[in-house]
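The values are calculated or read from the model by the stated rules, or taken from the named source; none is laboratory data. Owing to the predicted nature of the structure, the values given are computational and were not obtained by experimental measurement. Quick reminder, even Gly has a Cβ in these numbers, built from the backbone with ideal geometry, and neighbours come from all protein chains shown. Keep in mind that these areas ignore ligands, DNA and RNA; they rest on the heavy atoms of the full protein, side chains included. Shrake-Rupley method; radii C 1.70, N 1.55, O 1.52, S 1.80 Å.
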Amino acid sequence: MIHSRNLPFVTTLGIFVLAYILCVVQFPNMLSTRVIGNLLTDNAFLGIAAVGMTFVILSGGIDLSIGSVIAFTSVFVAVMVGSLGVHPLVAFAAVLVISTIFGSAMGAMIRYLGIPPFVVTLAGMFLARGAAYLISTESVPIAHPVIDAIQGFYFRVPGGGRLTALAMLMLLVFVVGAFVAARTRFGANIYAIGGNQQSAELMGVPIGPTTVGIYALSGFLSGLAGIAYTLYTSSGYSLATVGVELDAIAAVVIGGTLLTGGVGLVAGTFIGILIQGLIQTYIVFDGTLSSWWTKIVIGILLFVFIVLQRGIIWYSDRRLAESRLKEV
Amino acid sequence: MAESNPLLEARGIGKAFLGIAALEGVDFTLNSGEIHALLGENGAGKSTLIKILTGVYSRDRGSLHLDGAEVTPASVADAQKLGIGTVYQEVNLLENLTVAENLYLGRQPRRFGMIDKREMRRLSTALLSRYGLDIDVDALLSSYSVAIRQIIAIARAVDLSGKVLVLDEPTASLDSHEVETLFAVLRRLRDEGLGIIIITHFLNQVYAVADRVTVLRNGRLVGTRNLSELPRLELISMMLGRELQQITHEHQATEQTVATTQDAPIRFEGYGKRGSVAPFDLSVRPGEVVGIAGLLGSGRSETAFLMFGIDRADSGTAMVDGKPISLSSPESAIAQGFGFCPEERKTDGIIGDFSVADNIALALQARQGWAKPIPAREKLALAESFIKSLDIRPTDAEKPIKLLSGGNQQKAILARWLATGPRLLILDEPTRGIDIGAHAEILKMIERLCAEGMSLVVISSELEELTAVAHRVVVLSDRRHVAELTGSQVTTDNILQAIASREEAA
């Protein structure tokens, strides 16, 4: 039986499979592991950030700082490694600590000062972007044996495809994220807060620590996404990844997570990322379409999904009202 | 139940909000193995007391003992740990989670650090089977009826706390069959030694399930009694109070107004709404005060909502000066010259951050239409004249109204309607939460308006107040108009009798 709460996910999966079949009918080459491997690598940083966004949205919040934190991270790492000669692994560790603390601070403000997430993370967005400019306004190239090694590392899959380190990192984040959401008390508490914070509080859910934890996790994953982005582009640039948070939100919503919180799956976000990647790949294969078609299709899909979610809520409300009426 | 084993003992509990006492010196004792009903009208202090017991509020004064040890629950979670579990009427569980997830939220069984879903399912099924529920615990909570959710909530609370179970209006949205199922569960829990506190306004249910009852009124304890030796009439009079019976009935001379109701300019015939109030006839003449009496939940406010167009009637007609009118919204009621002071003054009446002058001018402005704003100078003059005539204090018309006391806020709302020169003014609990002095002034004002020829409808749970000001009293019970008392019939005893006889019959 399909729970009505999983219906958006199933719909997304159906749309993805259908779209993929249509693509393959037109361009049989899109079935190759090479294409799939590239798709995963190209979207690795977005996927990692979207996992963090999934948790935030599941709790009923929003995190607008993601794109800026990614930019800050990439500039920070590039300057540390490229200009100051710090070992990349040290720079990675330092930046993950910074971004996690940044996220926790936003979570604490949301919970303890009672400021809406939208406002707090909007401030965070400006702050992180400003900090990135402060470090450098230039595009800083980065070269280091360790980074080269990570970039060059991959598994060859049958059919000529490459499963790169970045793709594997993203897949790992999705697996761990799905596990945290489904199988830990922290995950259960996030769903509870997203369902109804007041009820969750009355049922004894520790709202404060959980909220701080959610934004700390999103901050950490933004930092990790920033590292992935640095590895992907071999540089750090403070003007990069503007609006990535919006792509992440799009992936989460297309993946079937309710924007009001409480309902959704990490696996859905993965499908949301794949759909975005699929559209980009199709445009590359076609060769005549402008890349802006990606945005247009994403926009249409978002509308479809928001309408679908409304429809489901309306339907379940009506069913509830009917069952109440029967009782009376 | 033995009287000798107090489980939860509260002594001299006091709590004030912004200097206004909500509870004063209330004693409350719950024995293990009893179902204890907590009764009182709105604002009597029931929910304040419950919130103190369950850790939502902290008490200002008094002591609280659980199993003989002094306790001070600091939060709901804290109270749960101590053994006091609560089930609220609505906001309770999480509809977006499954039944099993709801039952074990925050205490999920774990294996190797991860939630063991199979074990959770097994425990949930076992737990619910003890309550006679055989349902799919993996289904979403939202797929089940309110009655089943209520039992799931009780199962969780008892499993979690295990000593005291507090139920706040648990039966409000259940049908009679579901209520019986719920009561069977409560009786079984009582026999297992649990102490159960139940808040409800259905007296039949109190008599059906509870062993003892504690009645609160105006934040004070009226008494705790065994239900087996408490006649219904006495219980009702405990709730509504009748100590002030010596107040003379000033309007017995107005018997002549009781001629025919046909000539009344404002009439409601067969007016009603399914699920809200059964169809009723009501007429109001100029210079007459019609009182509406009844227990909480009897349909008092609902009657007012219908008369003021807040709820739309689905039967009957409303007539003004012999012509049928349509009351589809408060706006249309205001156009007919009706005014309404709601019961919830803070949320439905005042706009806290607006000045006194703005609040007073609100209804007049609404009637004029927003396109024609009242000039600031006129507004101020209007406000000042009412501040003077109604003796509103402080006299500063520019002050935000939220800084005024309850009585003065109420006067300002009265002024709001008086400014529109209404022909019918409906007052829902006009004296609730108001100090004694302002209380008397508002009653005097009602009389004056009436003498000036205005028609008034006054809803009140203070029977002395009603008998003091009303020429006629309509008695409601169980969402029905059950009696209409006129002239010398208007006494607290007659009102109580009318309510009780209906309650008895139900």
Mind checking how much accessible area A and B bury in total, 1.4 Å probe, in Å² rounded to 100? 2500 Å²
Once both labels are modelled 7 Å past Cα along the beta-carbon direction, what's the B:Glu331-B:Ser75 spacing in nm? 4.6 nm
Under 1.5 on a/c is rounded, so check that first for chain A, then, if it is not, pick prolate when a/b is larger than b/c and oblate when it is not; a ≥ b ≥ c are the square roots of the alpha carbon gyration tensor eigenvalues. oblate
Express the carbon and sulfur contribution to the solvent-accessible surface of the range B:338-410 as a percent, rounded to the nearest whole number, probe 1.4 angstrom. 54 percent
Distance in nm between label sites at A:Phe186 and B:His65, each 7 Å beyond Cα in the beta-carbon direction? 4.5 nm
Contour minus end-to-end for A:Tyr112 and A:Leu302, with contour as 0.36 nm per residue of separation and end-to-end as the Cα-Cα distance? 65.1 nm
Would you calculate the separation in nanometres between label points at A:Leu171 and A:Gln151, each defined as 7 Å from the Cα along the Cα-to-beta-carbon direction? 2.3 nm
Quick one: 3J(HN,Hα) in Hz for the range A:91-106, Karplus 6.51/-1.76/1.60 with θ = phi - 60°, rounded, Gly and Pro as x. 4, 4, 4, 4, 6, 5, 5, 4, 5, 5, 4, 4, x, 4, 4, 5
For B:Ile334, what accessible area in Å² do you get when you roll a 1.4 Å probe over the heavy atoms of the protein chains, rounding to the nearest 10? 30 Å²
By Kyte-Doolittle mean hydropathy of at least 0.5 and Cα axial length of at least 15 Å, which whole DSSP H helices of chain B are selected? B:146-160, B:436-451
For the range B:331-381 the GluC sites (Glu not before Pro) that pass both the DSSP coil test and the at-most-16 other-Cβ-within-10 Å test are B:Glu344
Taking amide H positions as placed in the peptide plane 1.01 Å from N, state which residues far from B:Val166 in sequence (5 or more) or on other chains have amide H under 5 Å from it. B:Gly85, B:Thr86, B:Val87, B:Ile197
Reported to the nearest 10 Å², A:Asp247 has, with a 1.4 Å probe, an accessible area equal to 40 Å²
Solvent exposure of the protein assembly as shown as accessible area per residue, Å², 1.4 Å probe: 42 Å²
May I ask you to rank A:Leu202, A:Leu265, B:Leu425 by accessible area, largest first, using a 1.4 Å probe over the protein chains only? A:Leu265, A:Leu202, B:Leu425
What figure, in Å² to the nearest 10, do you get for the accessible area of B:Ser142 with a 1.4 Å probe and non-protein molecules left out? 40 Å²
Amide N proximity, the range A:27-69 versus A:Phe126 label position 7 Å along Cα-to-Cβ, cut-off under 16 Å: A:64-66, A:68-69
Beyond 27 Å (Cα-Cα) in this structure, taken from B:Lys46/B:Lys388; B:Lys323/B:Lys379; B:Lys402/B:Lys444; B:Lys15/B:Lys444, we find B:Lys46/B:Lys388; B:Lys323/B:Lys379; B:Lys15/B:Lys444
Chain A, accessible surface, carbon-and-sulfur percent (1.4 angstrom probe): 72 percent
Report the calculated FRET efficiency for B:Ala21 and B:Asp175 (r = Cβ-Cβ distance, R0 = 35 Å), to the nearest 0.05. 0.35
Let me check something: with ligands and nucleic acids excluded, how do A:His87, B:His201 order by accessible area (1.4 Å probe), largest to smallest? A:His87, B:His201
Gained length - B:Lys323 relative to B:Leu403, 0.36 nm times residue gap less alpha-carbon distance: 24.5 nm
Over chain B, what is the relative contact order in whole percent, taking alpha-carbon pairs under 8 Å and six or more residues apart? 15 percent
With an 8 Å cut-off on Cα pairs and a minimum separation of 6 or more residues, tell me the relative contact order of the range A:1-135 in percent. 28 percent
Can you tell me the FRET efficiency between B:Asp191 and B:Ser501 if r is taken as the Cβ-Cβ distance and R0 is 45 Å, rounded to the nearest 0.05? 0.85
Given a cut-off of under 8 Å on Cα pairs at least six residues apart, what relative contact order in percent is computed for chain A? 34 percent
Within chain B, which is the longest segment containing none of the chymotrypsin sites (Phe, Trp or Tyr not before Pro) that sit in a DSSP loop and have at most 13 other Cβ atoms within 10 Å? B:113-369
In nanometres, the difference between 0.36 nm per residue of separation and the alpha-carbon distance of B:Arg274 and B:Asn5 is 92.2 nm
